[in-house]
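Below is one structure, written out as structure tokens; comments come after it.
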Amino acid sequence: KAGVTQTPRYLIKTRGQQVTLSCSPISGHRSVSWYQQTPGQGLQFLFEYFSETQRNKGNFPGRFSGRQFSNSRSEMNVSTLELGDSALYLCASSMGYEQYFGPGTRLTVT
Amino acid sequence: GESVGLHLPTLSVQEGDNSIINCAYSNSASDYFIWYKQESGKGPQFIIDIRSNMDKRQGQRVTVLLNKTVKHLSLQIAATQPGDSAVYFCAENMDSSYKLIFGSGTRLLVRP
């Protein structure tokens, strides 16, 4: 069974731009969560989607948003990028509470 | 590429020895705990989990211990191997939500 896939793997953007990241969960998994990982803040929860609905949300500004499609694939969007948004963005999928992570998208904001 | 904190506590062990990685969790309402392993340039990899109604759970070469009284979690790795070198994170899940709260991580270095 294929694991969680994330695209793109690496991305360089300029301040003020917006970005969309994609995540394909493990087949059969309906819950998709997003996390931000930085050296300073560690791994922080962004939001979780289940059946196309946001079920949980972390403490991030409204510039961070997401959505989930009927096939459980998910996207997250960050608008008006700031330098501090540079991070590894991780997606995790789950069927129960056990979450399986993808390799992440490394976003660099210049 | 770098994927974890710059100033993580580090545990250095000799190959073949046992490793114990500790974690203090934050919320007494947390009911599910997971240990993850993260190698450089990769996403966290699930190792083992434990529910709050258990004190101990064993996997292959790994054991997780949960002490709810002091809100402490530990991961024991038997016969540590060079491939175990990585950063290890504990994570807690509160109130049966799907929101994982991660600890800051411990870097494990295995000396040959």
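The table below gives the values:
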read-out: Residues that are in contact with a Pro (Cβ under 9 Å, 6 or more places away or on another chain) and open to solvent by less than 80 Å² (accessible area, probe 1.4 Å), drawn from segment A:1-29; value: A:Gly3, A:Val4, A:Thr5, A:Gln6, A:Leu21, A:Ser22
read-out: Test: residue in segment A:37-58 that is more than 9 Å from chain B (Cβ to nearest Cβ), in contact (Cβ under 8 Å) with a residue 60 or more places away in the chain and either loosely packed, with under 13 Cβ neighbours inside 10 Å or under 13 Å from the mean Cα position of the chain (by Cα) (or both); value: no
read-out: Residues that are in a loop (DSSP other than H, G, I, E, B), more than 13 Å from chain A (Cβ to nearest Cβ) and closer than 29 Å to A:His29 by Cα, drawn from segment B:53-68; value: B:Asn53, B:Met54, B:Asp55, B:Gln60, B:Arg61
read-out: Pairs with Cβ under 6 Å, 6+ apart, first in segment B:39-58 and open to solvent by 100 Å² or more (accessible area, probe 1.4 Å), second part of a strand (DSSP E or B) and modelled with pLDDT under 95; value: B:Arg51/B:Tyr32
read-out: Within segment B:90-101, tally of residues that are in a strand (DSSP E or B), touching a residue at least 60 places away in the same chain (Cβ under 8 Å) and of a type outside the set (D, E, K, R); value: 5
read-out: Per-region count, segment B:69-88, residues farther than 16 Å from B:Ser12 by Cα and either within 10 Å of chain A (Cβ to nearest Cβ) or outside any strand (DSSP E or B) (or both); value: 3
read-out: Residue match in segment B:8-20 (condition: more than 14 Å from the chain's Cα centre (by Cα), open to solvent by less than 20 Å² (accessible area, probe 1.4 Å) and farther than 28 Å from A:Gln54 by Cβ); value: yes
read-out: Residues of segment A:86-103 that turn out to be among the small types (Gly, Ala, Ser), in a loop (DSSP other than H, G, I, E, B) and over 11 Å from the mean Cα position of the chain (by Cα), as a count; value: 2
read-out: Long-range neighbours under 8 Å by Cβ, at least six apart or interchain, first residue under 23 Å from A:Leu81 (Cα atoms) and at pLDDT 95 or above within segment A:91-110, second assigned to a loop (DSSP other than H, G, I, E, B) and of a type in the set (Lys, Arg); value: A:Pro103/A:Arg9; A:Pro103/B:Lys42; A:Gly104/A:Arg9; A:Gly104/B:Lys42; A:Thr105/A:Arg9; A:Arg106/A:Arg9; A:Val109/A:Arg15; A:Thr110/A:Arg15
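The values are calculated or read from the model by the stated rules, or taken from the named source; none is laboratory data. Note that this is a predicted model, so its numbers are computed, not measured. When we count neighbours, we look across all protein chains shown, and the Cβ atoms used for this are built from the backbone with ideal geometry, even at glycine. Side chains included, ligands, DNA and RNA excluded: accessible areas come from the protein's heavy atoms. Shrake-Rupley method; radii C 1.70, N 1.55, O 1.52, S 1.80 Å.
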